[in-house]
1. Could you grab me the full set of residues in the stretch 152-188 that are within 12 Å of the ligand (Cβ to nearest atom) and either outside any strand (DSSP E or B) or in contact with an Asp or Glu (Cβ under 6 Å, 6 or more places away or on another chain) (or both)?
2. Which residues, counting only those in the stretch 228-244, are out of contact with any Ser or Thr (no Cβ under 9 Å at 6 or more places or on another chain) and either outside any loop (DSSP other than H, G, I, E, B) or in contact (Cβ under 8 Å) with a residue 12 or more places away in the chain (or both)?
3. Just to be sure, is Gln9 polar (S, T, N, Q) and over 29 Å from Thr243 (Cα atoms)?
4. For the stretch 217-259, how many residues are touching a Gly at 6+ places or on another chain (Cβ under 9 Å) and closer than 19 Å to Asn18 by Cβ?
5. Select from the stretch 149-168 the residues that are loosely packed, with under 15 Cβ neighbours inside 10 Å and farther than 22 Å from Gln107 by Cβ and list them in ascending order.
6. Is one or more of the residues making up the stretch 189-211 among the charged types (D, E, K, R), in contact with an Asp or Glu (Cβ under 6 Å, 6 or more places away or on another chain) and under 21 Å from Tyr265 (Cβ atoms)?
7. Looking only at the stretch 4-15, which residues are more than 8 Å from the ligand (Cβ to nearest atom) and either at pLDDT below 95 or farther than 18 Å from Ile79 by Cα (or both)?
Amino acid sequence: MKRIFSGAQPTGNVHLGNYLGALRNWVSLQHEYESFFCIVNLHAITTRQDPALLAQKTKELAQIYLAVGIDPELSTIFIQSDVAEHAELTWILNCVARMSELERMTQFKDKAKKQRENVGVGMFDYPVLMAADILLYQTDLVPVGEDQKQHLELTRDLAIRFNRDYGDTFRIPEPYIPKVGARIMSLSDPAKKMSKSDDDPNGCVMLLDDADSIQRKFKRAVTDSGTTIRFDESRPAIANLLTIFQLLTGKSPEQIEDHFAAKGYAQLKQELADVTVEFLKPFQERVRATTDEELSRLLEKGRDKARQIARVTLETAMARMGISGARELAGLAARI
Ligand code: AQP
């Protein structure tokens, strides 16, 4: 069975963009692939986090994975920092990666601009940690939103370079970027992706938002000066609202355009808010229903399964580089 790996950061709250661009596809793909879904808390600390809040958000993200429909009988859910091999392989890949290629990463450039002189080394190294996450599991496919495409290309480059220099070690992963929903845009600025770190909280609908907040955010959503409701990329604000409507209702673009043919923007925003509230209601109930015992049991099981696979890949990479530990060296010497 082929493998998928993906993850989300336990920072802030999970939003509709994260769900429609990534998590939703994890749920469908888990039936076809052996699946690993990680809570990437080591990525989270590349920006400063409140420790108590980070621990709380880590648990909440595990609840969210379950509530969106990740089935722990089919998929492995685990916390990144529970598997030390992620950090170990990062160091090895750091010695393969080049400064110039990391400097080209647009996410780093955007985030560094906001932080100015306080840019951490961890933030610079974020894509290498992501490469280690993926390569440790000999991943075939990585379902992500479009914003991660460049990081995936770097992961492939590092794997190809390592395999060329030290011998075949890593499977070369392919990105899985959905045709619809790969880049959900902010409700307040359709030129920017929906993002939890957006300065304007109205641009971003969180999966745990209450009904009133959802109604308010859609009501304030930016539109344009036109009147017709059509999927038209030259009118990004309306196209974005329609894409969300399409993904939450499962209706085709033609059905949606017919439905809104004689209606105005206010009606579209109202119906979209109602659809979102209804969609999120059972999800929010499932989040509240998960118990702590259930969570720790499945995260421990996930950690053990992930570690087994990660260890084999890491030891292979170390041996190929000639940095096996004392025990392995003794074994090698005995064989010579
Ligand atoms: N707007 C989006 N549309 C589609 N997919 C998106 N993803 C993120 N934003 C969108 C995808 O969600 C997955 C998990 O991402 P993450 O936890 O790494 O979060 P992020 O990308 O850091 O999300 P934010 O909200 O944009 O965080 P900040 O503001 O901190 O940068 C990934 O697969 C991602 O592609």
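The values are calculated or read from the model by the stated rules, or taken from the named source; none is laboratory data. If you're wondering where the values come from, they're calculated on a predicted model, not measured in any experiment. Cβ sites come from the backbone with ideal geometry, for glycine too, and all protein chains shown count toward neighbours.
1. If the condition is that a residue be within 12 Å of the ligand (Cβ to nearest atom) and either outside any strand (DSSP E or B) or in contact with an Asp or Glu (Cβ under 6 Å, 6 or more places away or on another chain) (or both), then Leu152, Ile177, Pro178, Val180, Gly181, Ala182, Arg183, Ile184, Ser186, Leu187 are the ones that fit.
2. Once the filter is applied, which keeps residues that are out of contact with any Ser or Thr (no Cβ under 9 Å at 6 or more places or on another chain) and either outside any loop (DSSP other than H, G, I, E, B) or in contact (Cβ under 8 Å) with a residue 12 or more places away in the chain (or both), the stretch 228-244 yields Ile229, Arg230, Pro236, Ala239, Leu242, Thr243.
3. Judged against the criteria, Gln9 is not a match.
4. Of the residues in the stretch 217-259, 6 are touching a Gly at 6+ places or on another chain (Cβ under 9 Å) and closer than 19 Å to Asn18 by Cβ.
5. If the condition is that a residue be loosely packed, with under 15 Cβ neighbours inside 10 Å and farther than 22 Å from Gln107 by Cβ, then Arg164, Asp165, Gly167, Asp168 are the ones that fit.
6. Looking for residues that are among the charged types (D, E, K, R), in contact with an Asp or Glu (Cβ under 6 Å, 6 or more places away or on another chain) and under 21 Å from Tyr265 (Cβ atoms), one finds none in the stretch 189-211, hence no.
7. Within the stretch 4-15, just Asn13 meets the criteria.
One line per residue, one yes/no per condition, for (1) of a type in the set (Gly, Ala, Ser); (2) free of Cβ contacts under 8 Å to residues at least 40 places away in the same chain; (3) under 17 Å from Leu42 (Cβ atoms):
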| site | (1), (2), (3) |
| --- | --- |
| Lys111 | no, no, yes |
| Gly122 | yes, no, yes |
| Asp140 | no, no, no |
| Leu158 | no, no, no |
| Phe162 | no, no, no |
| Tyr166 | no, no, no |
| Pro175 | no, yes, no |
| Gly181 | yes, no, no |
